[in-house]
Structures are given as structure tokens and as C-alpha cells.
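As C-alpha cells, the structure follows; a few thoughts come after it.
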Number of protein chains: 2
Amino acid sequence: MGFVSVLGFAHQLISQRVQAGETVVDATLGNGVDALFLAKLVGSRGSVYGFDIQQQALDQTKMRLEKELPDVSSCVHMSLFSHALMETVVPQDRHGKVAAVTFNLGYLPGADPSTITKQESTIPALEAALRLLRKGGIVTIVLYSGHDGGSEEAAAVENWAQQLPLAAFQVLSYQFKNTSTHAPYLLALEKR
Amino acid sequence: MGFVSVLGFAHQLISQRVQAGETVVDATLGNGVDALFLAKLVGSRGSVYGFDIQQQALDQTKMRLEKELPDVSSCVHMSLFSHALMETVVPQDRHGKVAAVTFNLGYLPGADPSTITKQESTIPALEAALRLLRKGGIVTIVLYSGHDGGSEEAAAVENWAQQLPLAAFQVLSYQFKNTSTHAPYLLALEKR
């Protein structure tokens, strides 16, 4: 049957923790796969806040949502902002109540590969995500190291995650080991 | 809710792949937790072949099975042999048909901590396990590095697993990252 893929396992962990009607964040809209998954999960009574610094990502996500989920696409709020600013966009009354935040690091497939996420903004964005999270909420991070700067970012994120206090967060990695050294892998953080 | 434990996740992966009536192997009986789990899974029509080099492990496993599973404990065949010899014990007609093999490395809790699994026999035992496995079958390895010799064995196993050909096996790791550096972690191998 094969093991569940990295993205599939991330989605399983999120599904087990997020209820319909909750608020969630897609920190890196990209081609909109996570935003669509999250919008289905929280439904029309929930809210998805999505971020990307490239207009192309917002456009791709909007098209995907309108095509596959016309009824609830209105619950997705997209911002052309760095994810490091997510706390200024997610309403104050939702701080500490966010059920899940997804990160898909690297670059937008099909776009300029020099426009990449970088640890200088990724780490502050992850810190912001942890502050927004409710107890039992989850942050998923899909890490790529195949592009220029990717392995440095992955190492920085992994180093940061390893130092999170165990009393406050559980940090799990899910990784295929005999693939190319650049295959994506997952870090998942649950707030206790 | 917390993430599923390393042992719990290993058992989930095995449950998803093993059918009642199949043949499975517990390569390191230890205190009998895996043998009990496997015996429940394959039922009275199935077979569990268990190995340990310490009589104390066989005794503990026998007690656990008789107490918790008197009906099907007869389907568990225990050998006071190194797991490297598993192919001489598992019947020839079951070679290539084994659904799961479990390894729990390190030493037997409560027994002499100087009696440990070592890479010199662990790697040959893992090779034997892969030969016994049917297509879609799984080997789970719980690795400990907290005891003397543990980190060397874990590194040797990980290095061996990373070099398995992707066309023949998938290798997955499941690991908590912000615990002590000696927390156990899982490698799971599925035969394609």
C-alpha cells in the first residue's frame, strides 16, 4: 500500500485536530492545495487566512477555490503579505484560538525560483504561528532543501524546533530516508 | 490530543498491513508487548515467531500471553536464538510470505543492561527480515541510543536503511525532535 506521503500525513494530523467552524492559517498559499484542504475542513462557518508574497499564488489559489469549492471559497481571506505579519491580519479575537497553521517552504512551482522563503522571515512567522495557536492546535511545516538556500533554511527551522520547550510543544518529524537527500519532509508542532 | 507515540505509530502501520491468519515475527521479544500485539492481530489461525537471546524475555512474554491472551497464545513460537537466525526457524514455506517483523533494539528493561543488541547481529537480522517479507509487508525498528553502544547501533541501522534501493523498499522515520537526544524513534520499511 505504501506509506502515506509527507503532505498526506500532514493533512491527516490536521484533520484529526481541526473542527468545522474553526479559524486556520495557510502561511504559504503557493498553488492553493493547503488552502483548499483547510477550507473544506473548516467549512462555511470557519475562516482560512492565507498569505503569500506573490500575486501569482493568490491568483492560483483563488482559481482553485472557485473551481473546486465555490460555496465556501468566501471563507478564505487572502493577503499579499509576508506570513511574518500574520498576527496583524488574523483578527485579535482569534489570537490563541487558531486550530492549525500550514507552512510549505521553498519556492512557488512554476514561478521565479529565486523568490524563496528564507529563515529571516520564516522563523518569525513560525513564532507568530505558535502565538496564534490554541491548545491542541497544530503547525505543519513541509521542508525542502533541494533549491539554493533550501538546506540552510531547513537546518535553521529544525534547529529552532528542537529547542522548543517540551512542556509547551511536541515536535514530530515524518521523513522518508532512502529517497534523494532533497526530498521534502515534515515537521509537525502541537501546542500542549 | 498529543501525537501518537513511537510504539503506537509502529503498531498502527502494522495493523494497516497485516491480516488475520498471516505469519509475523517478533525479532526481539523483550517484555512481550509486541508479541502480544502481533498475536492478537494474526489470531489463532496465524503464527508469531518470536526470538530473544535471554530466557528472562521468553518467560516474561509467556506470562504476558497466558494472562492476556490464553486462547491464541499457542500460535506464538518462541526461540532462545539470536534474531539473525530467524530464517532457520520460520518454516521454509513461509519465506517470502511474512507480513511483519518487529525489532525493539537496546536492552531488556529490568535485566542486565550490558546485554544489548549490537549492529554485528542486528544488521544480518534485518537483512534476514527483508528476505522473509512478502510484498507490502513491513519491518518496524524502534531505536534507542541512550545506553552504551546504542548510538553506534542506531547510526549503523540508519545508514544501512538509507541505502536500501527505493525500487524495492520505502524507508520512513517517525521521530520526536524536542525530547532528550536519547528518546527512541522509529524506522519503518515496507517491501514494494
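The values are calculated or read from the model by the stated rules, or taken from the named source; none is laboratory data. Source: prediction; values computed, not measured. For neighbour counting, all protein chains shown are included, and Cβ atoms are generated from backbone atoms with ideal geometry for every residue, glycine included. Heavy atoms of the whole protein, side chains included, go into the accessibility calculation; ligands, DNA and RNA do not. Shrake-Rupley method; radii C 1.70, N 1.55, O 1.52, S 1.80 Å.
A few notes on this one:
- When the trypsin sites (Lys or Arg not before Pro) in the range A:19-126 are filtered for DSSP coil states and for at most 11 other beta-carbon atoms within 10 Å of their beta-carbon, the remaining sites are A:ARG45.
- Cross-link partners for B:LYS97 among the aspartates and glutamates, with Cα-Cα distance under 14 Å and sequence neighbours closer than 8 places in the same chain left out: B:GLU22, B:GLU87, B:GLU190.
- Its Kirkwood hydrodynamic radius, worked out from the mean inverse distance over all distinct Cα pairs, puts the range A:6-191 at 16.3 Å.
- Lysines with Cα under 17 Å of A:LYS40, excluding same-chain neighbours fewer than 8 positions away: A:LYS62, A:LYS67
- Shielding by partners for peptide B:166-172, expressed as the average number of C-beta atoms from other protein chains within 10 Å of each residue's C-beta, is 4.
- Euclidean distance between Cα centres, the range A:115-192 to the range A:86-112, Å: 13
- Ranked by the mean number of other Cβ atoms within 10 Å of their residues, highest first, the peptides A:99-107, B:119-127 fall in the order A:99-107, B:119-127.
- In nanometres and ascending order, the distances from the B:SER82 label point to those of the other copies are 5.7 (point 7 Å from Cα along Cα→Cβ).
- Residue among A:GLY110, A:ALA168, A:GLY149 farthest towards the positive dipole end of chain A, charges placed on Cβ: A:ALA168
- In nm, spacing of pseudo-spin labels at B:GLN12 and A:GLN56 (7 Å Cα→C-beta vector): 3.6
- Reachable lysines from B:LYS177, criterion Cα separation under 17 angstrom, eight or more residues apart if same chain: A:LYS177, A:LYS191
- Placing unit charges on the Cβ atoms only, positive for Lys and Arg and negative for Asp and Glu, gives the protein assembly as shown a dipole magnitude near 980 debye about its Cα centre.
- One way to sum up the overall shape of the protein assembly as shown is the equivalent ellipsoid from its Cα gyration tensor, whose semi-axes run 43, 21, 19 Å, largest first.
- Size of charge dipole - the range B:146-192 - debye, nearest 20, with Cβ of Lys, Arg +1 and Asp, Glu -1, no other charges: 280
- Each other copy holds its own label point for B:THR115; taking that point as 7 Å from Cα along Cα to Cβ, the gaps run 6.4 nm, nearest first.
- The protein assembly as shown: calculated mean residue ellipticity at 222 nm from DSSP helix runs of at least 4, using -39500 (n - 2.57): -10000 deg cm²/dmol
- Assuming charge only on the beta carbon of Lys and Arg (+1) and of Asp and Glu (-1), the dipole of chain B about its Cα centre is about 720 debye to the nearest 20.
- Exposure ranking of B:TYR174, B:TYR144 by accessible area [1.4 Å probe, largest first]: B:TYR144, B:TYR174
- Once the Cβ-Cβ distance of B:LEU85 and A:LEU166 is raised to the sixth power relative to R0 = 56 Å, the FRET efficiency obtained is 0.90.
- Extension gain, A:SER74 back to A:SER121 (0.36 nm per residue minus Cα-Cα distance, nm): 14.1 nm
- Over chain A, relative contact order from alpha-carbon pairs under 8 Å, at least 6 apart, %: 20
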